[in-house]
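Have a look at the structure below before the remarks.
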Amino acid sequence: MIVMDRMEWTSPNGRRIVLVEGDITRIAVDAMANAANSALAGGGGVDGAIHRAGGPTIMRELDAIRAAAGGCPTGSAVATGAGELLARYVFHAVGPIYRDGRRGEPELLAGCYRKCLALADERAVRTISFPAISTGVYGYPQKAAAEIAIGEVRRHLERPDTTVEQVIFVLFGKGAYEVYREILGE
């Protein structure tokens, strides 16, 4: 994969956040977060790209989760295998649809990141990639979403008990990359 831009931040304990502009399905990691919908039924954008690249086994696992639990609530995530992706797991995170920022959207978005990082620790994941959850068709403003995402990840990486050593934000397009670069640089 050709990476157009890249920026890194290292925590005092040596853990890293990396920003890249590119295609999340082409980054080799232990776990990949997916911007899913609450029905876990596949969709467009990142979700569609992950399902196309990962193959049908991911949807079969989601079918079983839907049969048992009915879906996934907003602000949470569920784990599946990664099929043909360059990962072991996919964490399907359901971000909020942005309305006005006063209906719990910030806490729900933060919950997506916290749940994915908890799933990572439960599975001894060392590397995880994230897209910009909820910023596509769900309409979350890029800057506000980046502040939440980077803040949650930084806090998690500073914990002494996490297995996560590196978080890669794989951002689609120069505009998203620049917003995240600005927030990470602060």
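Does GLU122 meet the test of being in contact (Cβ under 8 Å) with a residue 40 or more places away in the chain and either out of contact with any helix residue (DSSP H, G or I) (no Cβ under 7 Å at 6 or more places or on another chain) or of a type outside the set (D, E, K, R) (or both)?
Taking the combined requirement at face value, the residue does not satisfy it.
Looking at (1) over 26 Å from GLU182 (Cα atoms); (2) out of contact with any Leu (no Cβ under 8 Å at 6 or more places or on another chain), which one does ALA53 not meet, given that it meets all the others?
Exception for ALA53: condition (2).
SER129: part of a loop (DSSP other than H, G, I, E, B), under 12 Å from the mean Cα position of the chain (by Cα) and among the small types (Gly, Ala, Ser), yes or no?
For SER129, the condition - part of a loop (DSSP other than H, G, I, E, B), under 12 Å from the mean Cα position of the chain (by Cα) and among the small types (Gly, Ala, Ser) - is not met.
With the structure loaded, tell me whether THR162 is modelled with pLDDT of 95 or more, in contact with a Pro (Cβ under 8 Å, 6 or more places away or on another chain) and over 19 Å from ARG6 (Cα atoms) or whether it fails that test.
In short, no.
To keep it simple, each residue is scored yes or no on (1) closer than 20 Å to LEU119 by Cα; (2) in contact (Cβ under 8 Å) with a residue 60 or more places away in the chain.
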residue: SER11; (1), (2): no, yes
residue: ILE27; (1), (2): yes, yes
residue: ALA41; (1), (2): no, no
residue: GLY48; (1), (2): no, no
residue: PRO56; (1), (2): no, no
residue: LEU62; (1), (2): yes, no
residue: ALA69; (1), (2): yes, no
residue: ALA77; (1), (2): yes, no
residue: LEU85; (1), (2): yes, yes
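Can you tell me which of (1) of a type in the set (A, V, I, L, M, F, W, C); (2) touching an Asp or Glu at 6+ places or on another chain (Cβ under 8 Å); (3) surrounded by fewer than 24 Cβ atoms within 10 Å (Cβ to Cβ); (4) assigned to a loop (DSSP other than H, G, I, E, B) is the one ILE183 doesn't meet?
Answer for ILE183: the failing condition is (4).
The values are calculated or read from the model by the stated rules, or taken from the named source; none is laboratory data. Owing to the predicted nature of the structure, the values given are computational and were not obtained by experimental measurement. Because the Cβ atoms are built from the backbone with ideal geometry, glycine has one as well, and the counts that use them run over all protein chains shown.
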